[in-house]
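Asks: This is the structure I want to talk about, given as structure tokens.
The values are calculated or read from the model by the stated rules, or taken from the named source; none is laboratory data. On a predicted model such as this, the values are computed, not experimentally measured, just so you know. Virtual Cβ from ideal backbone geometry, glycine too; neighbours counted across all protein chains shown.
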Amino acid sequence: MQFAWGYPFMTCPPVDDFLSAESMTELARAAEANGFGAAYVTEHPAPAEKWRQTGGHDALDPFVALAFAAAATTELRLLTNLTVVPYRNPFLLAKSVATLDRLSGGRVILGLGTGYLKGEYHALGVDFEERNALFDEAVHVMKLAWSGEPVTYEGLHFSARDITSQPTPATTPHPPMWLGGNSKLTRRRIAQWGQGWLALPNPRGLAARRRSPPLETTDELRQMLADIHEQAAAAGRTDPIDVMYMSFEGGAPGSGEWNPQQHLESLHDLADAGVTWVAANASGRTRAETLDNMARYHQDIISQIAP
């Protein structure tokens, strides 16, 4: 089991202490030093104010932010968790991914999704009802672009004729692609071609808003993962599929409710269910608090679990 650490940018408005190159580089180095295998950044380029004020959050540009993390580290994986594929032309997205992967020495994990905020789609000039068609088209075109060979493709909203995209990613044939969300369609895509699943902890009260099925218990996770493996086997796949999930059992380091033993027990249950990566709840309200909580999580949890 490996651990991923999320940059603490999940509030509205953002905390000034996290809005600097020094913060990103210091925290990325600390994540690597404390045994986290990856750092991740989410994406919301144009969220609606109503969503922000009712439980939403702001976000950095994932590729710019992760480039700073890459420059400050040597082994830390760089995870977009997740980038909303239909927001971008697939050639532009392929270029961003290839550039980050090449300059980081092959450390990108590309977390992908279709998103769920209609207002954000409208602000970016993308048809929300086309999101699944655009997603599938983009994945196909990005794979073609990453080959480094000339591409001719007639898309829904673009026409590419003999287009070559260089440099190619350092990872061949391309960085691993992990898909986020719990829907049947997402699970089918993972089974057919995805290298990982960003399973979404999703209380029933938020499921409709997020446009993704609820996922609250380990048993529900097992059922969804069994569905993925059954479909993968039917498709003739034998390669492993990574699964990332978050445990809220035992609270969070730095809080009065923190119970490392309870958290460890929940992680063993998740590993038994097939989870290979844990999105660790090891953040804080300030940079100093985050550094302390990462160190505590390493001491209490990561050092107790062999990769």
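Asks: Residue by residue through segment 55-75, note down the ones that are in a helix (DSSP H, G or I) and either crowded, with 16+ Cβ neighbours inside 10 Å or among the charged types (D, E, K, R) (or both).
Replies: Hits for segment 55-75 are P62, F63, A65, L66, A67, F68, A69, A70, A72.
Asks: For L267, work out the one condition from (1) over 21 Å from G196 (Cβ atoms); (2) modelled with pLDDT of 95 or more it doesn't fulfil.
Replies: Single failed check for L267: (1).
Residue-wise test of (1) closer than 20 Å to V15 by Cβ; (2) in contact with a strand residue (DSSP E or B) (Cβ under 7 Å, 6 or more places away or on another chain); (3) of a type in the set (S, T, N, Q).
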| site | (1), (2), (3) |
| --- | --- |
| L267 | no, yes, no |
| G284 | yes, no, no |
| D292 | yes, no, no |
| Q299 | no, no, yes |
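Asks: Output yes when any residue across segment 221-235 is surrounded by 16 or more Cβ atoms within 10 Å (Cβ to Cβ), more than 24 Å from L100 (Cα to Cα) and at pLDDT below 95, and no when none is.
Replies: Checked segment 221-235: no residue is surrounded by 16 or more Cβ atoms within 10 Å (Cβ to Cβ), more than 24 Å from L100 (Cα to Cα) and at pLDDT below 95.
Asks: When you look at T290, is it β-branched (V, I, T), surrounded by 21 or more Cβ atoms within 10 Å (Cβ to Cβ), within 23 Å of the chain's Cα centre (by Cα) and over 20 Å from G196 (Cβ atoms), yes or no?
Replies: In short, yes.
Asks: Also, I was wondering about something else. Could you count how many residues in segment 76-106 are under 14 Å from the mean Cα position of the chain (by Cα) and either under 18 Å from Q166 (Cα atoms) or assigned to a helix (DSSP H, G or I) (or both)?
Replies: Qualifying residue count, segment 76-106: 2.
Asks: What about G115, is it buried (at least 22 other Cβ atoms within 10 Å of the Cβ), assigned to a strand (DSSP E or B) and of a type in the set (G, A, S)?
Replies: Spelling it out, it is not the case that G115 is buried (at least 22 other Cβ atoms within 10 Å of the Cβ), assigned to a strand (DSSP E or B) and of a type in the set (G, A, S).
Asks: In segment 245-252, is there at least one residue being among the polar types (S, T, N, Q) and over 19 Å from I190 (Cα atoms)?
Replies: yes
Asks: Go through segment 178-217 and give me each residue that's surrounded by fewer than 21 Cβ atoms within 10 Å (Cβ to Cβ), of a type outside the set (K, R) and closer than 19 Å to E137 by Cβ.
Replies: Answer for segment 178-217, where residues must be surrounded by fewer than 21 Cβ atoms within 10 Å (Cβ to Cβ), of a type outside the set (K, R) and closer than 19 Å to E137 by Cβ: S183, L185, Q192, W193.
Asks: Looking for something among the basic types (K, R), under 16 Å from the mean Cα position of the chain (by Cα) and crowded, with 16+ Cβ neighbours inside 10 Å - is there at least one such residue anywhere in segment 126-147?
Replies: no
Asks: Quick one: would you say P240 is under 19 Å from the mean Cα position of the chain (by Cα) and not hydrophobic (A, V, I, L, M, F, W, C)?
Replies: Against the criterion (under 19 Å from the mean Cα position of the chain (by Cα) and not hydrophobic (A, V, I, L, M, F, W, C)), P240 qualifies.
Asks: Looking at segment 33-54, which of its residues are touching a residue at least 40 places away in the same chain (Cβ under 8 Å), surrounded by fewer than 20 Cβ atoms within 10 Å (Cβ to Cβ) and within 23 Å of S104 (Cα to Cα)?
Replies: Of everything in segment 33-54, just one residue is touching a residue at least 40 places away in the same chain (Cβ under 8 Å), surrounded by fewer than 20 Cβ atoms within 10 Å (Cβ to Cβ) and within 23 Å of S104 (Cα to Cα), namely G35.
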